[in-house]
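One structure is given here, and the rest of the page talks about it.
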Amino acid sequence: MKKLKALVTALISAGCVLTGTPAKAELSPEAVANGVYEGIQHIHGYQATPKLVWNVRHGQRGGCGAVRGSHYCGRNHTVYIAQQDIRMAYQHGDAALAYIIAHEYAHAMQAAHSFMPRTTASAELQADCLAGVYLRSIPNLTLDQRDVQEIMTFAYRVGDYAQWSRNHHGTPAQRVKAVALGLQSSPKGKGLAACQIN
Ligand SMILES: [Zn+2]
């Protein structure tokens, strides 16, 4: 966790957050979902917007079968956000939920714009990076120091070490690094191109 702390400190000193602002009140899950979804649609010019199915119960039927967790389903171009993930995100804070939604939206854009990397781990790390870019680029959304910590600690938590598995999403360190790369990219800079992964 020491490395993680150093990374967060580096992000803060890179001007990623407004320093000196008082701790803000946490937004409700619905406010986060609406704000993030609207913001990313805006970034993409309201093109190829995926449908959002929100607060899905475990085992509920989705377009790609029973829902076991938040995911993007290409068959019906729909983002599913699972109830248990909303709960887990709020153990970190509202920004962690914003990260989940942005990550799944990124998968929809990888599919819609045909830049999905070949392996699962690459696709996942690219989605993490894109989520970081989105959260930095949404107009009217400012991430404070605490938000960045929420995102980083959550990204660390959802990393895995199942390198042999088809479902490997990247190690905790890789996921933190990927989302940090996106968060550090300037909104007016390379933007989504900062996340080019082959
Ligand atoms: Zn993913």
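Computed from the coordinates by the stated procedures, all read-outs in this text should not be read as laboratory data. Everything quoted here is computed from the prediction, not taken from an experiment. Neighbour counts run over all protein chains shown; Cβ positions are idealised from the backbone, glycine included.
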Taking neighbour Cβ counts within 10 Å as the exposure measure, how do C64, C129, C73 sort from fewest upward? C64, C73, C129
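What do you get for chymotrypsin sites (Phe, Trp or Tyr not before Pro) in the range 19-82 restricted to DSSP loop and a cutoff of at most 12 other Cβ within 10 Å of the site's Cβ? Write out the running numbers ahead of the final one.
Details: sites: Y37, Y46, W54, Y72, Y80; in loops: Y46.
Sites meeting the loop and neighbour criteria: Y46.
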Quick one: what are the phi-derived ³J(HN,Hα) couplings along the range 143-159, Karplus 6.51/-1.76/1.60 with θ = phi - 60°, whole Hz, x for glycine and proline? 8, 8, 4, 5, 4, 4, 4, 4, 5, 5, 5, 5, 4, 5, 5, 8, x
Write down the Å³ per residue value for the convex hull defined by the alpha carbon atoms of the range 2-195. 114 Å³
DSSP loop chymotrypsin sites (Phe, Trp or Tyr not before Pro) in the range 128-181 with at most 16 other Cβ atoms within 10 Å of their Cβ, which ones? Y161, W164
Tell me the Rg and the Dmax, in Å, that the Cα atoms of the range 97-198 produce. 12.7, 41
Report Rg (one decimal) and Dmax (nearest whole number) for the range 18-130, counting Cα atoms only, units Å. 14.4, 46
